[in-house]
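Okay, structure first, notes after.
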Amino acid sequence: MRKKVIAGNWKMNKNRKEAKELIEALKPIAQDKTCGVIICVPFTNLETALTLTDGTNIKVGAENVHFEKSGAFTGEISADMLTEMGVEYVIVGHSERRQYFGETDITVNKRLLAGLEAGLKVILCVGETLEEREQGITEEIVAKQVKIALQGTCEKCIKNVIIAYEPVWAIGTGKTATAEQAEEVCAFIRKTIEGLFNKEVADGITIQYGGSMNEKNCAELLSKEDIDGGLIGGASLVAEKFGVLLEEASKY
Ligand code: PGA
């Protein structure tokens, strides 16, 4: 049985004071939960998050990483800079990065490899747009994203990858995929991993759902066999809401 993992994605939210308040509120809520707990925060809150979560069961992640080791890349952050701070996780390939910042499957692959090489655990986001779903090419799109992003990975390092299935049409829109739709694609991603590696790797990998997952709809989504947790935007910004997700995920 795979342990469920709930990861918050704060996006571009929370100044330092607000981050401190949210983490302090989260600590007692997360304390006795058996699911994995991760918060991915803006770069400016990493130091605060690492200090405040030290010795707790809350893991800290960044929201992006650059693929080069160092150099003339104004505004970027390298994987080594993150690991040096003690950051454990990083999100790559979020649809907002693909949509607004020109991220492609190729650059997502480079970021993923750079993260793994530096020792980070990588949360890889994939998902189709509404247009692609309506065209009936969800599986093709998701398979392509997964296959390109994982090019050059090995059976050993794939253990440090979490895949988050996030249909673009469900992110921040309040439109959640039905539990059946989410399960169908998460199961398909697992099959794709089996094809790339083997059944053991596929059975072991954590596949999350993300996209308007919240305290109200999480129970049904998390009850599905191939949904191993969630990548949570809006509902991760309020401790009590995030707490409900952690509670639900800890039932498994
Ligand atoms: P949402 O965001 O929960 O606000 O839809 C999820 C995500 O983008 O990771």
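Taken over the stretch 216-252, the residue count meeting the criterion of being farther than 16 Å from Arg190 by Cβ, more than 10 Å from the ligand (Cβ to nearest atom) and open to solvent by 50 Å² or more (accessible area, probe 1.4 Å) is 10. Under the condition of being within 25 Å of Ile137 (Cβ to Cβ) and under 16 Å from the mean Cα position of the chain (by Cα), the residues counted in the stretch 79-102 number 8. Filtered by the rule that a residue be closer than 20 Å to Ile39 by Cβ, open to solvent by 20 Å² or more (accessible area, probe 1.4 Å) and of a type outside the set (D, E, K, R), the stretch 79-117 gives Met81, Thr83, Met85, Gly86, Tyr89.
For the stretch 118-136, indicate whether the set of residues that are surrounded by fewer than 15 Cβ atoms within 10 Å (Cβ to Cβ), more than 24 Å from Thr178 (Cα to Cα) and either within 16 Å of the ligand (Cβ to nearest atom) or in contact (Cβ under 8 Å) with a residue 24 or more places away in the chain (or both) is non-empty. Yes, some residue in the stretch 118-136 is surrounded by fewer than 15 Cβ atoms within 10 Å (Cβ to Cβ), more than 24 Å from Thr178 (Cα to Cα) and either within 16 Å of the ligand (Cβ to nearest atom) or in contact (Cβ under 8 Å) with a residue 24 or more places away in the chain (or both). Residue by residue through the stretch 16-44, note down the ones that are open to solvent by 20 Å² or more (accessible area, probe 1.4 Å) and assigned to a helix (DSSP H, G or I). Hits for the stretch 16-44 are Arg16, Lys17, Glu18, Lys20, Glu21, Glu24, Ala25, Lys27, Pro28, Ile29, Phe43, Thr44.
Looking only at the stretch 1-15, filter to residues that are farther than 29 Å from Lys224 by Cα and surrounded by 13 or more Cβ atoms within 10 Å (Cβ to Cβ); which one of those is farthest from the ligand (Cβ to nearest atom)? The selected residue is Lys14.
Tell me whether the stretch 223-237 contains one or more residues that are out of contact with any helix residue (DSSP H, G or I) (no Cβ under 7 Å at 6 or more places or on another chain), among the hydrophobic types (A, V, I, L, M, F, W, C) and part of a helix (DSSP H, G or I). Checked the stretch 223-237: no residue is out of contact with any helix residue (DSSP H, G or I) (no Cβ under 7 Å at 6 or more places or on another chain), among the hydrophobic types (A, V, I, L, M, F, W, C) and part of a helix (DSSP H, G or I). Checked against the criterion of being under 18 Å from the mean Cα position of the chain (by Cα), touching a residue at least 40 places away in the same chain (Cβ under 8 Å) and away from the ligand (no atom under 16 Å from the Cβ), the candidates Ile162, Ile148, Ile171, Ile207 yield just one match: Ile148.
The values are calculated or read from the model by the stated rules, or taken from the named source; none is laboratory data. If you're wondering where the values come from, they're calculated on a predicted model, not measured in any experiment. Counting neighbours? That spans all protein chains shown, and the Cβs are built from the backbone with ideal geometry, glycine included. The area values use the complete protein model at the heavy-atom level, side chains included, leaving out ligands, DNA and RNA. Shrake-Rupley method; radii C 1.70, N 1.55, O 1.52, S 1.80 Å.
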